[in-house]
Amino acid sequence: MHRGYPLDLFMAQCYGNASDPGKGRQMPVHYGCKDLHFVTISSPLATQIPQAVGSAYAIKRENGNRIVICYFGEGAASEGDAHAGFNFAATLECPIIFFCRNNGYAISTPTSEQYRGDGIAARGPGYGIHSIRVDGNDVFAVYNATKEARRRAVAENQPFLIEAMTYRIGHHSTSDDSSAYRSVDEVNYWDKQDHPISRLRHYMVGRGWWDEEQEKIWRKKSRKRVMEAFEEAERKLKPQPQLLFSDVYTETPWHIRKQQESLERHLKQYGEHYPLDLYEK
């Protein structure tokens, strides 16, 4: 998985069970890992942008040979936090890559209703940020642009902005019905003609690095692994309810202790009405 993040922890996070490093306190697929140096995904739009700049500034101050890369969509770029983050990164000369995935829609709002300028990359020069727009469905274009931006960010202590042009084939979420604001033909075009995974597969097949038989074996093996991880995650207990109050303060404030005691009294009195047997003691 991403940066070596194991499949079993990914599933644990989706189920919010006792093995979840986030202890069940995040939305599904909002995984993060301190040991592997990536922060949990943020659902509120653009909050991660100024936070990422702060991290990059800290790295600069400690003279670390590292950078921060911050991912967001073109919808998040419409938020005020994006402006603040871009400006701070430029003026403080922070080693950071802003990676904007422009997939055409901010949930249901098309780009034509989000901005009148030339996309997101065009905003970079206004802040004094080196910017580039790439074909986000071309794995090699994305890789090479990111690699060069990282090299220069480390060497020059400068922010970089990459806008990857792509398309969101699926719905925004399980509560979203994208057929209400775009046509099936539009989705089918991108799915069949310009899908990044299909393009990479055709490239590999054309060079003899991949074939139908390998594809069949890989799919079967991968599906087996995923289903086994699903079943294992389903079997595990949920984290203990008391963890609702931990990992925020070094010393728990009085009002949080009061809430915790109130919960404990409530569960002691009405515990039979809750599925407490599904939670760790």
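Could you pull out every one of the strands (runs of 3 or more DSSP E) wholly within the stretch 61-173 that has 1 or more residues that are more than 28 Å from HIS195 (Cβ to Cβ) and among the basic types (Lys, Arg)?
Values: elements: 68-73, 96-102, 130-135, 160-165.
The strands (runs of 3 or more DSSP E) meeting that bar number zero.
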**Message:** I want to confirm something. Restricting to the stretch 152-188 and keeping residues that are over 27 Å from ALA122 (Cα atoms) and not small (Gly, Ala, Ser), which single residue is most open to solvent (accessible area, probe 1.4 Å)?
**Reply:** THR174
**Prompt:** What residue, of ARG219, ARG207, is within 20 Å of PHE10 (Cβ to Cβ), open to solvent by 80 Å² or more (accessible area, probe 1.4 Å) and out of contact with any strand residue (DSSP E or B) (no Cβ under 7 Å at 6 or more places or on another chain)?
**Reply:** ARG219
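Every residue, every condition in (1) in contact with a strand residue (DSSP E or B) (Cβ under 9 Å, 6 or more places away or on another chain); (2) of a type outside the set (A, V, I, L, M, F, W, C); (3) within 23 Å of SER78 (Cα to Cα), yes or no:
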site	(1), (2), (3)
GLY128	no, yes, yes
GLN158	yes, yes, yes
HIS172	yes, yes, yes
ASN188	no, yes, no
HIS195	no, yes, no
**Request:** Filter the stretch 94-140 for residues that are closer than 20 Å to ASP191 by Cβ and more than 20 Å from the chain's Cα centre (by Cα) and give the result.
**Result:** PRO110, THR111
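Do we find that GLU93 is under 21 Å from GLU163 (Cα atoms) and either open to solvent by 50 Å² or more (accessible area, probe 1.4 Å) or basic (Lys, Arg) (or both) in this structure? Give the derivation first.
Values: under 21 Å from GLU163 (Cα atoms): yes; either open to solvent by 50 Å² or more (accessible area, probe 1.4 Å) or basic (Lys, Arg) (or both): yes.
Judged against the criteria, GLU93 is a match.
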**Asked** So PRO44 clears everything in (1) open to solvent by 50 Å² or more (accessible area, probe 1.4 Å); (2) under 22 Å from ASN87 (Cα atoms); (3) part of a helix (DSSP H, G or I) except one condition, right? Which one?
**Response** (3)
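Conditions tested, residue by residue: (1) in contact with a strand residue (DSSP E or B) (Cβ under 8 Å, 6 or more places away or on another chain); (2) exposed (fewer than 15 other Cβ atoms within 10 Å of the Cβ); (3) within 30 Å of LYS236 (Cβ to Cβ).
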site	(1), (2), (3)
CYS14	no, no, yes
ALA18	yes, no, yes
ALA56	yes, no, no
ILE59	yes, no, no
TYR71	yes, no, yes
HIS83	no, no, no
PHE86	yes, no, no
**Asked** Which of the residues belonging to the stretch 227-281 are within 15 Å of SER19 (Cα to Cα), open to solvent by less than 70 Å² (accessible area, probe 1.4 Å) and assigned to a helix (DSSP H, G or I)?
**Response** ALA229, ALA233, PRO241, LEU243
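Restricted to the stretch 193-217, and to residues that are under 25 Å from the mean Cα position of the chain (by Cα) and free of Cβ contacts under 8 Å to residues at least 40 places away in the same chain, which residue is farthest from GLY170 (Cα to Cα)? Don't jump to the end; show me each part of the working.
So the first thing to find is which residues in the stretch 193-217 are under 25 Å from the mean Cα position of the chain (by Cα), and the list is 194-201.
From the residues that got through so far, the ones that are free of Cβ contacts under 8 Å to residues at least 40 places away in the same chain too are 197-198, 201.
Details: ILE197: 14, SER198: 15, ARG201: 20 Å.
Looking at residues that are under 25 Å from the mean Cα position of the chain (by Cα) and free of Cβ contacts under 8 Å to residues at least 40 places away in the same chain, I get ARG201.
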**Item:** Qualifying residues in the stretch 32-66 (those that are over 25 Å from GLU156 (Cα atoms) and touching a Phe, Trp or Tyr at 6+ places or on another chain (Cβ under 9 Å)) - the one modelled with the lowest pLDDT
**Value:** SER42
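The values are calculated or read from the model by the stated rules, or taken from the named source; none is laboratory data. This is a predicted model, so every value here is computed, not measured. Virtual Cβ from ideal backbone geometry, glycine too; neighbours counted across all protein chains shown. Accessible surface is based on the protein model in full, side chains and every heavy atom, while ligands, DNA and RNA are left aside. Shrake-Rupley method; radii C 1.70, N 1.55, O 1.52, S 1.80 Å.
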